[in-house]
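To start, the structure itself, in structure tokens.
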Amino acid sequence: MHDPIVLRTYTEFLWHQARYTLAGITFLILSLGMGIAGYHIFCKLDWLNSLLNASMILSGMGPVSSLHGGAAKLFASAFALYSGIVYLAVSAILLYPLVLRMLKILHLQALHTPQ
């Protein structure tokens, strides 16, 4: 038999959402740090320009500085592909508690609706 479906209280839901938001922000900050370090090491940019380029790529705007050398271009393309995955992953992490609550509410309504 399955466990009964229990809807969390609103306070528990907010704490659940806060934990997932913290996880999403942590993942985003780690990705930004990886991008900053990569632009600084492979592209030989100073720290401020590395931050600018990594931020622009993660936000989907595109690079700002022109890149010279094969290693720089390979890193930039790999980081751009990774950034697309980060966008999808962070979106899923942030939406998960909300979608879960909505589905539980709909399921509970369906269980208690006379047929």
For residues in region 1-24 being of a type in the set (A, V, I, L, M, F, W, C) and in a loop (DSSP other than H, G, I, E, B), which is nearest to VAL99 (Cα to Cα)?
LEU7
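Can you confirm whether region 42-49 contains a residue that is hydrophobic (A, V, I, L, M, F, W, C) and touching a residue at least 40 places away in the same chain (Cβ under 8 Å)? Break it down into steps so the answer makes sense when it comes.
Of the residues in region 42-49, the ones hydrophobic (A, V, I, L, M, F, W, C) are 42-43, 45, 47-48.
Adding the requirement that they be touching a residue at least 40 places away in the same chain (Cβ under 8 Å) leaves none.
No, that holds for no residue.
Any idea how many residues of region 14-32 are over 18 Å from VAL64 (Cβ atoms) and either of a type in the set (Gly, Ala, Ser) or touching a Pro at 6+ places or on another chain (Cβ under 7 Å) (or both)? Spell out the reasoning first.
Narrowing region 14-32 to residues over 18 Å from VAL64 (Cβ atoms): 14-30.
Adding the requirement that they be either of a type in the set (Gly, Ala, Ser) or touching a Pro at 6+ places or on another chain (Cβ under 7 Å) (or both) leaves 16-18, 20, 23-24.
Within region 14-32, residues that are over 18 Å from VAL64 (Cβ atoms) and either of a type in the set (Gly, Ala, Ser) or touching a Pro at 6+ places or on another chain (Cβ under 7 Å) (or both) number 6.
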Inside region 48-76, can you point out the residues that are part of a helix (DSSP H, G or I), of a type in the set (S, T, N, Q) and within 19 Å of the chain's Cα centre (by Cα)?
ASN53, SER55
So, of the residues in region 1-15 that are modelled with pLDDT of 85 or more and touching a helix residue (DSSP H, G or I) at 6+ places or on another chain (Cβ under 8 Å), which turns out to be surrounded by the fewest Cβ atoms within 10 Å (Cβ to Cβ)?
LEU7
Return the residue satisfying two criteria in turn: it lies in region 61-115 and is under 19 Å from PHE27 (Cα atoms) and among the polar types (S, T, N, Q), and of such residues it is surrounded by the fewest Cβ atoms within 10 Å (Cβ to Cβ).
SER91
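The values are calculated or read from the model by the stated rules, or taken from the named source; none is laboratory data. All figures in this text were calculated on a predicted structure; none of them were measured in a lab. Virtual Cβ from ideal backbone geometry, glycine too; neighbours counted across all protein chains shown.
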